[in-house]
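Colleague: Sharing a structure here in structure tokens format.
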Amino acid sequence: MNLMAHDIIIRPIISEKSSGLMELNKYTFEVHKSVNKIQVRKAVEEVFKVKVTGVHIMNVRAKPKRMGAFIGRTRSWKKAIVSLAPGERIEFFEGASV
């Protein structure tokens, strides 16, 4: 499967935990389920024009949820935490405050 950079990075994750990581120059994204660390690194460098020093990827499992009498599950997805080189930053996140 040949994915473009904008298909690999689905959306940024903005939460209290990810805001704390931003201070350490680490940014969190939801990524396509079939990608690996190398593809995430190349996509972030291409889209945001920054130097990536490290990538951590994890699968987020689905959790059971209830809506009244009905039982369902949230969807499972893949999360990537991207570390940038010192002095680099992604301007996309600067206005976000949680």
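Colleague: Helix 37-48 against the longest principal axis of the chain: what's the angle in degrees, Cα atoms only, rounded to the nearest 10?
Modeller: Relative to the chain, helix 37-48 is tipped by roughly 70 degrees.
Colleague: Which of the three applies to region 19-90, rounded, prolate or oblate, going by the alpha-carbon gyration tensor with a ≥ b ≥ c and a/c under 1.5 meaning rounded?
Modeller: Prolate, because a/c is 1.5 or more and a/b exceeds b/c.
Colleague: Assigning unit charges at the beta carbon (Lys, Arg +1; Asp, Glu -1) and nothing else, what dipole magnitude in debye, to the nearest 20, does region 5-85 show about its Cα centre?
Modeller: 420 debye
Colleague: Let me ask another. Grab the Cα-Cα distance for Thr74 and Glu91, subtract it from 0.36 nm times how many residues apart they are, and report the gain in nm with one decimal.
Modeller: Gain on stretching Thr74 to Glu91: 3.1 nm.
Since every read-out is calculated from the coordinates, none of them should be taken as a lab result. Keep in mind that this is a model prediction, so the values were computed, not measured. As a convention, Cβ positions derive from the backbone with ideal geometry for all residues, glycine included, and neighbour counts pool all protein chains shown.
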